[in-house]
Amino acid sequence: MTDTIAVLALDAADVRLAREWDCANLLLDDHAKLESYAHTLEFPRTMEVWPTVATGLGPDDHGVVGDANEWEHPALRAASKLTQYLPREVRSTLGRPFQRAGQERSMAQTDASHLFESGVVRYWPGITPADHVREAWRLMAMASGGDITEERLRRELVGFAGEELGWLAVASEWDVPVAGVHSHVVDIMGHTYAEREKRLRETYEWIDREVGFLRERVDRLVVLSDHGMQVGWLDDENPGTHSFEALVAAEGVDGPLPESVYDVREWLEAQFDDTGATDADDTAASSDTPVQHLRDLGYME
């Protein structure tokens, strides 16, 4: 193990549900509700909040606003701009067939400085291309349209989560002060099972076990969410809609927990001097295999 701080961005992990279902690994040694915010909608939005966590800036300053994605196809991109003032539900309905058909969309990324410039990060919305978020949204659109089963949806998403947590476990062994990864499984399952307590509880218990395996691999772990999820059995007003019940949990990290998504970056960077991480090796990579053989194998042009 190293002193790297492993940061798991667990989208939509609701602090109320983690407490209710005794998710000890999600709650770690210390946990609290993390204050989030609404900007373009009346509730927190994934693509706006996660860049705030990494930069400490609001959407007007980090520049990732709304759903922060555009169709790659020029005609679809133009149509999207023409329909931007339609109700969100109408735009979703119009775009769903193209998502199911696999039309590509690109995710905006901030130009602002961020937490992971001295570390490593994967799949973080607004910081990296976050391809897995687009794929999760596509699968959700397919499931909503009846094109795939709930079991296929669940299987795909837990597969993504296994990759994400596995990468974080390995990255925490590198000589960097911080490593971060984003996972979308709890968000999609929260939307899917917002009225089915037993099924959503199964999701939380599964991810809690997986975080338990990660916990065995790292000394310094932080679990964060950008928002929670309104659910029917807690008498929330709009089940399936994002709530303000975000989570922060930590172990092996000093000081009081941050109160807001705006405070996370400063809180974590204050720990860096104590990590003992060394400068990365900047030696250019090379191969002992002849270049022509690599070309013959298709590795190189």
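The numbers here are math on the coordinates, done by the rules we state, and not lab data. This structure is a prediction, so every number in the text was calculated from the model and none was measured. Here Cβ is always computed from backbone atoms with ideal geometry, including for glycine, and neighbour counts include all displayed protein chains.
For segment 175-183, the Karplus equation 6.51 cos²θ - 1.76 cosθ + 1.60, evaluated at θ = phi - 60°, returns couplings of 7, 10, x, 8, 9, x, 9, 10, 10 Hz by residue, with Gly and Pro reported as x.
Of the GluC sites (Glu not before Pro) found in segment 153-238, those in coil by DSSP whose Cβ has at most 16 other Cβ atoms within 10 Å are GLU173, GLU195, GLU237. Each residue of segment 35-49 is assigned a 3J(HN,Hα), and the resulting list reads 5, 10, 8, 10, 10, 7, 10, 7, 9, x, 10, 3, 6, 8, 7 Hz, derived from the Karplus form 6.51 cos²θ - 1.76 cosθ + 1.60 (θ = phi - 60°), x at Gly and Pro. Label separation (VAL291 vs GLU20): 6.2 nm, computed from points 7 Å beyond Cα along the C-beta direction.
How would you rank 54-64, 108-118, 174-184, highest first, on the average number of other Cβ atoms within 10 Å across their residues? It would help to have the intermediate numbers written out before the result.
Numbers: 54-64: 19.5, 108-118: 17.4, 174-184: 23.6.
My ranking of the peptides, most packed first, is 174-184, 54-64, 108-118.
The simple Förster model, with R0 at 45 Å and r as the Cβ-Cβ distance, assigns ALA270 and LEU234 a FRET efficiency of 0.80.
Given the options LEU247, VAL218, MET229, identify the residue whose Cα lies farthest towards the positive end of the charge dipole of segment 193-263 (+1 on Cβ of Lys, Arg; -1 on Cβ of Asp, Glu). The one lying farthest along the dipole's positive direction is VAL218.
When the GluC sites (Glu not before Pro) in segment 1-58 are filtered for DSSP coil states and for at most 11 other beta-carbon atoms within 10 Å of their beta-carbon, the remaining sites are GLU42. Across segment 249-257, rounded Karplus estimates of 3J(HN,Hα) from the backbone phi angles (6.51 cos²θ - 1.76 cosθ + 1.60, θ = phi - 60°) give 9, 7, 8, x, 10, 7, x, x, 5 Hz, Gly and Pro being marked x. In this label model, ARG199 and TRP167 are separated by 2.8 nm, measuring between points 7 Å along each Cα→Cβ vector.
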